[in-house]
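Colleague: Below you will find the structure I want to go over with you.
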Amino acid sequence: YRRGPKGEILVDPKEAAIVWRIYHEFLAGKSCYRIAKDLTGDGILTPMGWKIWSQETIRHILRNEKYKGDALLQKTFTVDYLTKERKTNEGELPQIYVEGSHEAIISAETFERAQEEFKRRSRN
C-alpha cells in the first residue's frame, strides 16, 4: 500500500503482486521459510527495503488483516508522548476493528484460508 494525495490508502500494484504471491504460495503448501528464501533469491526487496526476507516477515504479511481491506486500530499506543515510547496494546486500550476500510489486495476468503492453514500446520 501507499498513501494517496489526500492521505487515503491506495494499492501499489507492484507490491500487491508480491503479497498475492505470498498468499498463493503459502496456500499451495510452501513454508514461510521457503517463501522467504525464494523472494530473497528473486531479488525482491522486503516492505522495509531490505534484500533478505525472513520467515517472520512472511508470517506477519499472512496474518495482517490490512491485506483483505480491514484495519485493526490501536495495535500499539504511545506510552509517553515526550519520549515517543510506543508499546504493543495488550488490552490496556480498546481496539477497534474496521471492515472494508480500504481496497483489498486479497479476498477475505483467501485470508481466512491462510489462517486455517496456519492452524492446520500447527496441529501437525
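The values are calculated or read from the model by the stated rules, or taken from the named source; none is laboratory data. Every value quoted in this text rests on a predicted model; they were computed, and no experiment measured them. Reconstructed Cβ throughout: ideal geometry from the backbone, glycine too, with neighbour counts over all protein chains shown. For accessibility, only protein heavy atoms count, side chains too; no ligands or nucleic acids. Shrake-Rupley method; radii C 1.70, N 1.55, O 1.52, S 1.80 Å.
Colleague: Which residue pairs have Cβ atoms closer than 7 Å, lie 6 or more positions apart in sequence or on different chains, and pair a first residue in the stretch 90-112 that is farther than 20 Å from Ile58 by Cβ and hydroxyl-bearing (Ser, Thr, Tyr) with a second residue that is open to solvent by less than 50 Å² (accessible area, probe 1.4 Å) and part of a loop (DSSP other than H, G, I, E, B)?
Modeller: Final answer for the pair search is Tyr97/Asp70; Ser101/Gly69; Ser101/Asp70.
Colleague: Assess whether Thr46 counts as being more than 23 Å from Glu109 (Cα to Cα), free of Cβ contacts under 8 Å to residues at least 12 places away in the same chain and touching a Phe, Trp or Tyr at 6+ places or on another chain (Cβ under 9 Å). Walk me through it before giving the result.
Modeller: Numbers: more than 23 Å from Glu109 (Cα to Cα): yes; free of Cβ contacts under 8 Å to residues at least 12 places away in the same chain: yes; touching a Phe, Trp or Tyr at 6+ places or on another chain (Cβ under 9 Å): yes.
Criteria met by Thr46.
Colleague: Which ones in the stretch 76-90 are in a loop (DSSP other than H, G, I, E, B), at pLDDT 95 or above and either open to solvent by less than 80 Å² (accessible area, probe 1.4 Å) or in contact with a strand residue (DSSP E or B) (Cβ under 8 Å, 6 or more places away or on another chain) (or both)?
Modeller: Of everything in the stretch 76-90, just one residue is in a loop (DSSP other than H, G, I, E, B), at pLDDT 95 or above and either open to solvent by less than 80 Å² (accessible area, probe 1.4 Å) or in contact with a strand residue (DSSP E or B) (Cβ under 8 Å, 6 or more places away or on another chain) (or both), namely Asn89.
Colleague: Confirm whether Glu56 is in a helix (DSSP H, G or I) and either open to solvent by 30 Å² or more (accessible area, probe 1.4 Å) or modelled with pLDDT under 95 (or both). Working first, answer last.
Modeller: Values: in a helix (DSSP H, G or I): yes; either open to solvent by 30 Å² or more (accessible area, probe 1.4 Å) or modelled with pLDDT under 95 (or both): yes.
The answer is yes for Glu56.
Colleague: Which of the residues belonging to the stretch 5-46 are open to solvent by less than 40 Å² (accessible area, probe 1.4 Å), among the hydrophobic types (A, V, I, L, M, F, W, C) and not in a helix (DSSP H, G or I)?
Modeller: Correct list: Val11, Ile44.
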